[in-house]
Structures are given as structure tokens and as C-alpha cells.
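The values are calculated or read from the model by the stated rules, or taken from the named source; none is laboratory data. This structure is a prediction, so every number in the text was calculated from the model and none was measured. With ideal geometry, Cβ positions are generated from the backbone for all residues, glycine too; neighbour counts draw on all protein chains shown. Accessible surface is based on the protein model in full, side chains and every heavy atom, while ligands, DNA and RNA are left aside. Shrake-Rupley method; radii C 1.70, N 1.55, O 1.52, S 1.80 Å.
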Amino acid sequence: MTQHIMIDLETLATTIDANVLTIGAIKFDPKEDYSNWKWGEYPKTQVFYRRVDPESGSKIGLKNDDETIAWWSQQSEEVRNEAFAEEDRYPIDQVMKDFYKFCLPGKYFWAQGVAFDTVICEQIFKKLKRGAPWMFYNLRDTRTLFDVRDPKMPSARHHHALFDCWRQIVGVQNVYREINKN
């Protein structure tokens, strides 16, 4: 099976030099159906999730944006607690090293708009003097796919990098099934 990986970031800005709070990624098969996966019970070998120490991101020049921080303050307490929890935070260089290793078997890398999550990751890899684990021509955009067909995704409710990855994967799988029916 060709390895597909969905990526999602939670950030402190909306620019390519955004500081990162969390990184989530899930390996998946677009021809399968992950809609019955239970939230938080994803297969460990298919999942990457890390909380990043934003201070370590600031040290390499990643930015925080007042508007984005204000947006976070309007989220539910559960969402804020997950995104801003102090425990289990890792330096950005270690997180990106681990993330790179996780991505190595991957070929196609998906995101909800390839001009955000993957671009921010590429900027961080550049600052850390390493390449990204993907080739630009293997990036895939869920927004484009979801414009082709209704993705019938689960409701957005957690605003958590892993939940967002799973939700988007289910959408990709649903569209693949619809396209392959014809």
C-alpha cells in the first residue's frame, strides 16, 4: 500500500512562520473506512502527536499573533486546556526530528489546504537546516478534493490536531469511495 499521511497543526499565528502548539499526523489508506474509529483510540503505529514548547519555537524565529491568541481565548475550555497544557511539551527541534522519522514511509501528504500546515512545517525544517520528508509534487489538498464531492465528514468539535486529521481522513475516504463508484 502506498502510504498516505494526514497532517494538522494547531498554531499561534496564521502565517508561514507561525509558532506551533501541537502537531498531529495519521497514516492512512484512502480506500479504507476509518469512520468507526473511536476518538482517542487510534492505532498507535499510525499516529503521531506532540505538544510543542512554544518558547523553543520563538527561539528559532517562529511568531505568535495577537489575533490568533484572541481566537484561542474564545474556544471551549476543553480545547484551550489541550492546546495550552504545560505537561508533555517538547522542544521544536526534537518534535520535528520525531515527525520526520514518522513520515519516512510516506509518499502522499495531505492537509486541509497545502498552503498552511505543510508550508509551516517546511519553514521550520528550513530553520532547523533539514529538508522536509515529502516532495512538493506529493502534497495533497483536502479542500480541493472536498470541492469535487461532499466529504460527509464527522462534525468538527474538538479542534485538536489528531481529531482534525481523523475527520479529514474520513472525508478523503468518503470522496474516494464516491469517485470509485462511477
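Here is how the numbers come out for the structure above:
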{"quantity": "Considering residues of the stretch 127-166 that are of a type in the set (Lys, Arg) and free of Cβ contacts under 8 Å to residues at least 60 places away in the same chain only, the residue least open to solvent (accessible area, probe 1.4 Å)", "calculated": "ARG149"}
{"quantity": "Yes/no for ALA115 being surrounded by 20 or more Cβ atoms within 10 Å (Cβ to Cβ) and modelled with pLDDT under 95", "calculated": "no"}
{"quantity": "Within the stretch 135-182, tally of residues that are in contact with a helix residue (DSSP H, G or I) (Cβ under 6 Å, 6 or more places away or on another chain) and outside any helix (DSSP H, G or I)", "calculated": "8"}
{"quantity": "The lone exception for LEU9 - which of (1) surrounded by fewer than 18 Cβ atoms within 10 Å (Cβ to Cβ); (2) in a strand (DSSP E or B) it fails", "calculated": "(1)"}
{"quantity": "Matching residues, the stretch 81-109, being open to solvent by 80 Å² or more (accessible area, probe 1.4 Å) and either touching a residue at least 40 places away in the same chain (Cβ under 8 Å) or not aliphatic (A, V, I, L, M) (or both)", "calculated": "ASN81, PHE84, GLU86, GLU87, ASP88, TYR90, ASP93, LYS97, LYS101, LYS107"}
{"quantity": "Residue check for ILE92: in contact with a helix residue (DSSP H, G or I) (Cβ under 6 Å, 6 or more places away or on another chain), farther than 18 Å from ALA111 by Cβ and among the β-branched types (Val, Ile, Thr)", "calculated": "yes"}
{"quantity": "Residue count for the stretch 43-78, restricted to those that are closer than 18 Å to ARG157 by Cα, out of contact with any Phe, Trp or Tyr (no Cβ under 8 Å at 6 or more places or on another chain) and either part of a helix (DSSP H, G or I) or open to solvent by less than 40 Å² (accessible area, probe 1.4 Å) (or both)", "calculated": "4"}
{"quantity": "Candidate set from the stretch 1-31 (those that are under 30 Å from ASP66 (Cα atoms) and of a type in the set (D, E, K, R)); member that is nearest to the chain's Cα centre (by Cα)", "calculated": "ASP8"}
